[in-house]
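The values are calculated or read from the model by the stated rules, or taken from the named source; none is laboratory data. The structure presented is a predicted model; accordingly, all values stated were derived computationally and were not measured. Here the Cβ positions follow ideal geometry from the backbone for every residue, glycine too, while neighbour counts run over all protein chains shown.
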Amino acid sequence: MQRFHLGLIINPLAGLGGPAGLKGSDGVAEQALALGSTPKATQRTRTALECLQPVRERLEFLTFPGAMGADLLAEMGFAYRLAGELAEGPTSAADTRQAVTALQDAGVALILFAGGDGTARDVCAAVREGQPVLGIPAGVKIHSGVYAISPRAAGELTRRLVEGGLVRLASGEVRDLDEAALREGRVAARWYGELCVPEEGAFVQQVKQAGVELEELVLIDLAAWLEGSWESGVRYVFGPGSTLHGLAQNLGLQTTLLGVDVIENGQVIARDVNEAQLFELVAEHPARLLITAIGGQGHILGRGNQQISPRVLRAIGLDHLRVVATKRKLATLQGRPLLVDTGDVQLDDAFPDVVRVWAGYKEELLYPLAAEV
C-alpha cells in the first residue's frame, strides 16, 4: 500500500511565555521555564494527530529527533522517518528553517508545524513558493492566517486530505507582533509574507436538475483565469479529453478532442502531435502540462494519452503538471486517489502524494495522487 507522506515540525518551546505572562516565547524560554511554565506544544500536536489515527496505516511522517516530532510519533504508533539530525541543546529558529528545507527536499505533500507566529515566521523564511503547510496552534501569539482554528481542526483537515476530500488551497498571511514592544505596552505588528495553506473545501455544491455543475460555466471561468495568466514564451501542452477541449474552445482555440495539442503565446502551434513531435517541442523549451482525469476511474496519465511519455514528463518537469477537473468529476471518484501509470515505475514513484487541480476561477484544490499498482 502506497503511503501518504506528511512532514511534522514541533516547536517544543512554543507557548511557554503565555502562562508566565511574558506576552510570547521568543528569546524568553528559559525565563518562562524558571517561572514554572510547562511545554504545551507536544500535547496540542497530540490532539491534532489523534484525528489521524483512523488513517494511520496510510501515513508515513518525515520529522526530526526528540521533541521536534519523533518522540510523539513513536509514542502514538505512527510510521515515520527522520528527515535530518539536529544540534544538541534547545531547539532554535535555525532548526525550524533547516527542518522546512529538508522536508521540502523530501517531497512531502504537506508540512504540519506546531507553534505560534514566531514559528510561522521561521517557516515562511525557508518555505518555497507553493509548498502547502498548515499550522497547529500552540503558541502565545496566533495572529497569522496560516493556523487551523484549533489543533483538532488541523487534524481533521489533514485527514480530509488523506481520505481524498476536496481541499482548497489558499494564501495565508504571516504576521507577528513585536514582543519587546508588547511588553512595553505597545502593539506593533508586521507582515512577513504569505504561505500556501489548505482550507476546507466544499464538495460539489447544489446544482439545478443534477445535469451540470454548470460545467460549461466552470470552463468559461477557467479559460478566463488561464487567458489572464499565460506565460510569454512558454508552451502549454493540452492533453486529450472533453474538459481540456472545452477549455480551449472558450479560449477561441481549435484543438483536437482526443489528441495532444501545444499552445504558445495564445496560439495553437502544433495539433494532434505524436510522442516524438511532443518531445521535440518541449525538450529544450519551457513548458506546462495540462491534463484531466478519466471520470469515475481517476487515471490522469497512461490511459489515452500515451503521447505524454516518461521522457516528455521529465522534460516538462512534474512540478509543471496541473490537472484540470471540475469538483463534480472529482466527486465521482468517491475519495479514491487520482492515478498515474506511465509505464516507468521509477517515474511513477517520483510523483508527489498530492497534485494541484484547477477547478474554477483562481480555485486550486489539493487531491491525493497514487501510482497504479
Practice task
Please work out which one of (1) buried (at least 17 other Cβ atoms within 10 Å of the Cβ); (2) within 19 Å of PRO137 (Cα to Cα); (3) modelled with pLDDT under 95 is the condition GLY84 fails and give its number.
Solution key: (2)
Exercise for the section: Would you check which residues across the stretch 333-356 are at pLDDT 90 or above and among the small types (Gly, Ala, Ser) and list them? Expected result: ALA350
Practice task
Determine whether GLY155 is among the small types (Gly, Ala, Ser), at pLDDT 90 or above and under 28 Å from ALA325 (Cα atoms).
Solution key: yes
Practice task
Consider GLN104 carefully, then state whether it is assigned by TED's automatic domain parsing to the domain that holds ARG175, surrounded by fewer than 24 Cβ atoms within 10 Å (Cβ to Cβ) and in contact with a helix residue (DSSP H, G or I) (Cβ under 6 Å, 6 or more places away or on another chain).
Solution key: no
Completion exercise
Only one of ALA270, ALA224 is surrounded by 14 or more Cβ atoms within 10 Å (Cβ to Cβ) and either touching a Phe, Trp or Tyr at 6+ places or on another chain (Cβ under 9 Å) or closer than 16 Å to VAL357 by Cβ (or both), namely ALA224
Practice task
Identify all residues within the stretch 220-231 that are in contact with a strand residue (DSSP E or B) (Cβ under 9 Å, 6 or more places away or on another chain) and either of a type outside the set (Asp, Glu) or outside any helix (DSSP H, G or I) (or both); write none if there are none.
Solution key: LEU222, TRP225, LEU226, TRP230, GLU231
Fill in the blank from the handout: Among helices (runs of 4 or more DSSP H) entirely within the stretch 75-181, at least 1 residues that are farther than 16 Å from GLU194 by Cα and among the polar types (S, T, N, Q) occur in 93-106, 151-162
Fill in the blank from the handout: Note on the stretch 203-256: residues basic (Lys, Arg) and at pLDDT below 90 are LYS208
Exercise for the section: Take GLN297 and decide whether it is surrounded by fewer than 18 Cβ atoms within 10 Å (Cβ to Cβ) and either in a loop (DSSP other than H, G, I, E, B) or not assigned by TED's automatic domain parsing to the domain that holds VAL357 (or both). Expected result: yes
Fill in the blank from the handout: Those strands (runs of 3 or more DSSP E) completely within the stretch 236-294 that have 3 or more residues that are under 15 Å from ARG322 (Cα atoms) are 287-291
Problem - Whichever residue in the stretch 311-337 is touching a strand residue (DSSP E or B) at 6+ places or on another chain (Cβ under 7 Å) and more than 22 Å from VAL282 (Cβ to Cβ) and, among such residues, is surrounded by the most Cβ atoms within 10 Å (Cβ to Cβ) - result: ALA325
Practice task
Any chance you could count how many residues in the stretch 48-74 are within 23 Å of CYS196 (Cα to Cα) and either part of a loop (DSSP other than H, G, I, E, B) or not acidic (Asp, Glu) (or both)?
Solution key: 11
Practice task
Answer yes if at least one residue in the stretch 62-79 is of a type in the set (D, E, K, R), at pLDDT 90 or above and more than 22 Å from VAL174 (Cα to Cα), and no otherwise.
Solution key: yes
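Working carefully through the options ALA331, ALA350, ALA359, ALA276, find the one that is free of Cβ contacts under 8 Å to residues at least 12 places away in the same chain and outside the structural domain of ARG159 (by TED's automatic domain parsing).
Result: ALA276 is the single residue among ALA331, ALA350, ALA359, ALA276 that is free of Cβ contacts under 8 Å to residues at least 12 places away in the same chain and outside the structural domain of ARG159 (by TED's automatic domain parsing).
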